[in-house]
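J.: What follows is a single structure, and I will ask about it in a moment.
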Amino acid sequence: MSQLSAEELGPALGRGLLSFPVTHFDADLNFDERAYREHIGWLSRYEVAGLFAAGGTGEGFALTSTEIDRVVRAAVAETAGRVPVIAPATAGTRVAVEQARAAEAAGADGILLLPPYLVEAAPDGLVEHVAQVCAATSLGVIFYSRANAACDDVTVAKMAERSPNLIGFKDGVGNIESMTRIYARMGARLTYIGGLPTAETFALPYTEMGVTTYSSAIFNFAPEFALDFYRAVRARDRATVYAHLRDFVIPYLDIRDRRPGYAVSIIKAGLTAVGRPSSRVRPPLTDLTEAELAELTTLVKTIA
């Protein structure tokens, strides 16, 4: 299957659950392509609308541009067109432009534009950042609004006007008024994606704001649970959603919130808990303790 066009990508992603696969490393913390491809192959057998290679849960922040290209190519090869693969563009504008071009050459279906590294920028600077990345590729680009790249509805409108292939807005802020303003102004021009850590927590209220999908990290180790949760959200089945939150997601959050960075570490621990191939996280992240892994393993058995 050929790459999705920018016009095709947004609707395709908005129709189902999304996920960020973890990136596997060997004992020396080098990219383990064999284990990663096995994981991608397993995930892509489920009814998932898109996979974000080397994203936040995939520790893209800890990968070099060369490694990101290897990860993206591995994901594209393993999915073989069955599932759209979204590649990251990170760091400063010039690096993000290079990564976007490399992703298109690698066969990715779209770009997730993450916040530029470290620097604070005025809204017009963010608009220009988006414009340069979008101009570097024909692929559809999703802007990830969070941290130092959070922006309001006026700025999003300027981004969309400058860049026709800006097709998505991923929210990592959680400001209800801001999201309401953005959707009211932009409507169907963009596809809206929930992007807060453990997005299941926010999924039901976000549905009321026009956000039809979200990226589930839990899908990495509990795909059937994640899909059941997503279907309940889309059906507005509040009883099922809150039962899942009460019985699994909130106790899971209690472990996740114990140390900074555990939002990623707990996903790799979850794979270990279910007996799937996993690996340590790269610094500066730290792994769960043995006691925490045992606690998570017990919790995961309740949804097995």
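The values are calculated or read from the model by the stated rules, or taken from the named source; none is laboratory data. None of these values were measured; they are calculated from a predicted model. FYI the Cβ positions are ideal-geometry reconstructions off the backbone, even for glycines, and counts take in every protein chain you see. When the accessible area is computed, the model is the full protein with side chains, heavy atoms only, and any ligands, DNA or RNA have been set aside. Shrake-Rupley method; radii C 1.70, N 1.55, O 1.52, S 1.80 Å.
J.: Residues of region 197-218 being in a helix (DSSP H, G or I) and open to solvent by 20 Å² or more (accessible area, probe 1.4 Å), which ones? Give the steps one after another, and end with the answer.
T.: Looking only at region 197-218, we keep the residues that are in a helix (DSSP H, G or I), and these are 200-207, 218.
Those that are in a helix (DSSP H, G or I) and open to solvent by 20 Å² or more (accessible area, probe 1.4 Å): T201, F202, P205.
Conditions tested, residue by residue: (1) surrounded by fewer than 23 Cβ atoms within 10 Å (Cβ to Cβ); (2) modelled with pLDDT under 95; (3) more than 17 Å from the chain's Cα centre (by Cα).
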position	(1), (2), (3)
A35	yes, no, yes
S44	yes, no, no
A75	no, no, no
P88	no, no, no
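Conditions tested, residue by residue: (1) under 17 Å from Y230 (Cα atoms); (2) open to solvent by 20 Å² or more (accessible area, probe 1.4 Å).
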position	(1), (2)
F169	no, no
N175	no, yes
M186	no, yes
G194	yes, no
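J.: Okay, moving on. Filter region 116-129 down to residues that are under 24 Å from F20 (Cα atoms) and surrounded by fewer than 21 Cβ atoms within 10 Å (Cβ to Cβ), then give me how many there are.
T.: 2
J.: How about region 258-274: which of its residues are of a type outside the set (S, T, Y) and either in contact with a His (Cβ under 7 Å, 6 or more places away or on another chain) or in a helix (DSSP H, G or I) (or both)? So that I can check it myself, show each step before the final result.
T.: Applying the first criterion (of a type outside the set (S, T, Y)) to region 258-274 yields 258-261, 263-264, 266-271, 273-274.
The answer is A263, V264, I266, I267, K268, A269, G270, L271, A273.
J.: Any idea how many residues of region 239-265 are open to solvent by 30 Å² or more (accessible area, probe 1.4 Å) and in contact with a Lys or Arg (Cβ under 8 Å, 6 or more places away or on another chain)?
T.: 1
J.: Identify all residues within region 60-73 that are in contact (Cβ under 8 Å) with a residue 24 or more places away in the chain and surrounded by fewer than 22 Cβ atoms within 10 Å (Cβ to Cβ); write none if there are none.
T.: Keep residues of region 60-73 that are in contact (Cβ under 8 Å) with a residue 24 or more places away in the chain, which gives 60-63, 65, 67-73.
F61, A62, L63, S65, E67, D69, R70, R73, listed by residue number.
J.: Could we say that Y230 is outside any helix (DSSP H, G or I) and surrounded by 23 or more Cβ atoms within 10 Å (Cβ to Cβ) here? Break it down into steps so the answer makes sense when it comes.
T.: Details: outside any helix (DSSP H, G or I): no; surrounded by 23 or more Cβ atoms within 10 Å (Cβ to Cβ): yes.
In short, no.
J.: Let me confirm something: among R94, R82, which residue is open to solvent by 10 Å² or more (accessible area, probe 1.4 Å), basic (K, R), out of contact with any His (no Cβ under 9 Å at 6 or more places or on another chain) and closer than 19 Å to N220 by Cα? I'd like the intermediate steps shown before the answer.
T.: Numbers: R94 fails: closer than 19 Å to N220 by Cα.
Residue meeting the stated conditions: R82.
J.: Starting from region 1-30, keep only residues that are small (G, A, S), then list their pairs with residues that are assigned to a helix (DSSP H, G or I) and open to solvent by less than 60 Å² (accessible area, probe 1.4 Å) whose Cβ atoms are within a distance under 7 Å, requiring at least 6 positions of separation or different chains.
T.: That search, which allows pairs on different chains as well, returns S19/L43; S19/F219; S19/N220.
J.: I want to confirm something. Restricting to region 138-161 and keeping residues that are under 13 Å from R189 (Cα atoms) and of a type outside the set (A, V, I, L, M, F, W, C), which single residue is most open to solvent (accessible area, probe 1.4 Å)?
T.: This residue is E161.
J.: Here are A184, A199: which of them is without any contact (Cβ under 8 Å) to a residue 60 or more places away in the chain and either over 28 Å from T23 (Cα atoms) or over 18 Å from the mean Cα position of the chain (by Cα) (or both)? Talk me through it step by step, then tell me what you get.
T.: Numbers: A199 fails: either over 28 Å from T23 (Cα atoms) or over 18 Å from the mean Cα position of the chain (by Cα) (or both).
Exactly one of A184, A199 is without any contact (Cβ under 8 Å) to a residue 60 or more places away in the chain and either over 28 Å from T23 (Cα atoms) or over 18 Å from the mean Cα position of the chain (by Cα) (or both), namely A184.
J.: Would you point out which residue out of G81, G50 is over 18 Å from L271 (Cβ atoms) and in contact with a Pro (Cβ under 6 Å, 6 or more places away or on another chain)? It would help to see each step written out before you state the result.
T.: Numbers: G81 fails: in contact with a Pro (Cβ under 6 Å, 6 or more places away or on another chain).
The unique qualifying residue is G50.
J.: With (1) assigned to a loop (DSSP other than H, G, I, E, B); (2) under 30 Å from R34 (Cβ atoms); (3) out of contact with any His (no Cβ under 9 Å at 6 or more places or on another chain); (4) touching a residue at least 24 places away in the same chain (Cβ under 8 Å) as the list, and P277 as the residue in question, which single condition is left unmet?
T.: (3)
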